Every structure is written in C-alpha cells, then in structure tokens.
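Presented below is the structure to which this report refers.
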Amino acid sequence: MEVRIGIRDVAREVAFESAQTPDQVRATVAEAVSAGAGMLELADEKGLMVLVPVSALGYVEIGAQDKGRVGFGAH
C-alpha cells in the first residue's frame with residue numbers, strides 16, 4: 001500500500017510502500033497527532049523507518065492495497 005506524506009514548506013512529498021494496512025497507518029498517524037508526539041514513525045515494506053516531525057505534517061495520503069495486479073491493464 002502506498003503512503004504519501006506532505007511536509008509543510010517542502011515542495012516534494014515523501015512516498016513509500018508500506019506493509020501495514022490502511023487502518024494501521026491511519027491509527028498510527030491519528031495517535032501521533034492527537035498525543036502531540038514529536039515524531040510520526042511509520043515503517044516501509046522493507047522494514048526501514050520513516051520519521052517525520054508531527055509539527056511539519058501537511059497531509060498524509062493513504063492508498064488502498066492493490067493485491068493481485070498482474071500484467072498490463074487499461075483503466
């Protein structure tokens with residue numbers, strides 16, 4: 001599942017693939033924001049940690065899981 005994070009005053013967003021479900025990512029973001037945590041911590045699908053200061057968050061976009069897509073397709 002793709003996660004994209006917009007950071008205030010930065011033109012480029014942070015984008016990565018996560019093995020977590022959309023609900024897990026949403027819960028982690030909501031907890032960090034509501035608790036006033038210093039950092040939002042999310043893991044990518046390779047196990048690397050992505051750390052973003054909560055005060056710098058502009059938005060977090062959580063994509064749907066795309067399982068089973070194979071080959072070429074036209075939408």
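Meeting the requirement of 2 or more residues that are without any contact (Cβ under 8 Å) to a residue 24 or more places away in the chain, the strands (runs of 3 or more DSSP E) wholly within region 1-57 are 39-43, 49-53. Is it fair to say residue 55 is crowded, with 16+ Cβ neighbours inside 10 Å and of a type in the set (Ser, Thr, Tyr)? Here the answer is no, as residue 55 does not meet what is asked. Within region 1-19, the residues that satisfy the criterion of being open to solvent by 50 Å² or more (accessible area, probe 1.4 Å) and either more than 9 Å from the chain's Cα centre (by Cα) or among the aliphatic types (A, V, I, L, M) (or both) are 8, 9, 10, 11, 12, 13, 15, 19.
The values are calculated or read from the model by the stated rules, or taken from the named source; none is laboratory data. Remember, it's a predicted structure, so these values are computed and weren't measured experimentally. Neighbour counts run over all protein chains shown; Cβ positions are idealised from the backbone, glycine included. Just the protein is used for accessible areas: all its heavy atoms, side chains included, with ligands, DNA and RNA removed. Shrake-Rupley method; radii C 1.70, N 1.55, O 1.52, S 1.80 Å.
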